[in-house]
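Presented below is the structure to which this report refers.
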Amino acid sequence: MKTLEVCYELDFSKISFLERKVKIKSKKTFVYGAPKCGKTYLIYDYLANFDTNDYIYIDFKDFRNDLEEIRVHLSSFIIEKKIKILVLENFDFSFELPKCESIIISNHNKLTLENFEHLHVKALDFEEYLLHETRFHTATQAFNNFLKYGNMPGVVNLEEHTKERRLQEILRLYTKDETYEYILKILFLNIDEKKSLYQLFNTLKNQIKISKDKFYATVKTFENSGLVYFLPKFNQEKAIKKVYSYNHAFLNAISHAKKFKNEFTNMVFLQLESNFEQIYYLDNIDFFIPSENYIILSIPFFNPLLKKGIEKKLNKVLKEYHIEKIDIVTVGYSENFFLNDIKVEVLPFFEWAVS
């Protein structure tokens, strides 16, 4: 039982780990999320709290592991070694779970497991990014790097010339073949755009041979694993949704086209998504949080000359949705003004994200 013995000898007590806003707290936890968002290190952090004899860590994507040996002998090995914690990383559910006091499972895809707490691990929000970033001494410097290269934990402190290549490598981790790659690209090329799946499919079928069913099923898989988000319009279920990526910097990694406003707004969306469960868009409004009567406009390069136009498009929304709070998120500009007795805060992203 060479594989099980080696997995049992792994020691995570000395691995350095930077705090995240999420933690494994339940003895039975299913950890899921997009590639390279930090699922594995979250598990390492959990195991570091226990004696090495208490757990066994098995990665089903480790080529060295004999999966047949694991399937046949795991239950008896757990009993023999009196193992308390079983970790099944990248588990494929090819066999029934053995009995164990604590079981931690990880997978890219969102699945429903009975009697398990479900923990969705996402990429870094800006507050977490500031904890991981070790080279920049000001929030402005960190923001510039965050905007350009995104929110992936494993990319933060790489040398700058390797970052875009690493982002491309991460994308390929999730694309089984060229078709998957094309689908992911067309989604990311349309971030912050109102695009129906039918529109995207029609565009893609002019580039490659693909069935509608394959396209829709693949997009659903991407959505379930948190690679892509579809933002609905408030109270209009049939309205076209807006597309967002789990890392705003992927657009730069797959295309030379410059869509700064789209990338910036995707970044704003991800910050909101880490804090609010229900987010929508409205006509002329980037984001609406109904639970807070709160609207957010993404205007990277705001200037005072834009106020009249903003007031005009906001007046109807303020009355109809009983808005109490308005933020305008910018690259670096800040000021406050009032609109119908409501304070409008204009804030740079790096201040807004940590406020």
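What residue, of L251, L204, is without any contact (Cβ under 8 Å) to a residue 24 or more places away in the chain, surrounded by 15 or more Cβ atoms within 10 Å (Cβ to Cβ), touching a helix residue (DSSP H, G or I) at 6+ places or on another chain (Cβ under 6 Å) and closer than 26 Å to K176 by Cα?
On inspection, the qualifying residue turns out to be L204.
Suppose we filter the range 278-332 for residues that are part of a loop (DSSP other than H, G, I, E, B), open to solvent by 50 Å² or more (accessible area, probe 1.4 Å) and under 21 Å from E193 (Cα atoms); how many remain?
So the count comes out to 4.
Given the condition modelled with pLDDT under 95, under 30 Å from Y244 (Cα atoms), surrounded by fewer than 17 Cβ atoms within 10 Å (Cβ to Cβ) and of a type outside the set (F, W, Y), answer yes or no: does some residue in the range 58-72 qualify?
Yes, because at least one residue in the range 58-72 is modelled with pLDDT under 95, under 30 Å from Y244 (Cα atoms), surrounded by fewer than 17 Cβ atoms within 10 Å (Cβ to Cβ) and of a type outside the set (F, W, Y).
State all residues of the range 223-240 that are closer than 27 Å to D283 by Cβ, within 20 Å of the chain's Cα centre (by Cα), of a type in the set (A, V, I, L, M, F, W, C) and crowded, with 16+ Cβ neighbours inside 10 Å; if no residue qualifies, say none.
Within the range 223-240, V228, L231 meet the criteria.
Please specify each residue of the range 1-31 satisfying the condition of being surrounded by 12 or more Cβ atoms within 10 Å (Cβ to Cβ), more than 23 Å from H73 (Cα to Cα) and touching a Ser or Thr at 6+ places or on another chain (Cβ under 7 Å).
Hit for the range 1-31 is V31, nothing else.
Would you mind finding the one in N115, N144 that is open to solvent by 70 Å² or more (accessible area, probe 1.4 Å), more than 23 Å from K23 (Cβ to Cβ) and of a type outside the set (D, E, K, R)?
N144
Report every pair of residues separated by at least 6 positions or lying on different chains whose Cβ atoms are under 9 Å apart, first residue within the range 60-72 and within 16 Å of N107 (Cα to Cα), second of a type in the set (D, E, K, R).
Taking only residues 6 or more apart or on different chains, the pairs are F60/E89; F60/D92; K61/E89; D62/E89.
Looking at (1) over 12 Å from F250 (Cβ atoms); (2) crowded, with 21+ Cβ neighbours inside 10 Å, which is the one condition that is false for L184?
Failing condition for L184: (1).
Return a yes/no flag: does the range 268-275 have any residue that is aliphatic (A, V, I, L, M), within 22 Å of K163 (Cβ to Cβ), modelled with pLDDT of 95 or more and in contact with a strand residue (DSSP E or B) (Cβ under 8 Å, 6 or more places away or on another chain).
yes
Only one residue in N266, N336 is polar (S, T, N, Q) and in a strand (DSSP E or B), so which one is that?
Just a single option satisfies the conditions, and that option is N336.
The values are calculated or read from the model by the stated rules, or taken from the named source; none is laboratory data. Treat the numbers as computed from the prediction; the structure is a model and nothing was measured. Don't worry about glycine lacking a Cβ; one is built from the backbone with ideal geometry, like all the others, and counts go over all protein chains shown. Please note that ligands, DNA and RNA were not included when accessible areas were found on the heavy atoms of the full protein model with its side chains. Shrake-Rupley method; radii C 1.70, N 1.55, O 1.52, S 1.80 Å.
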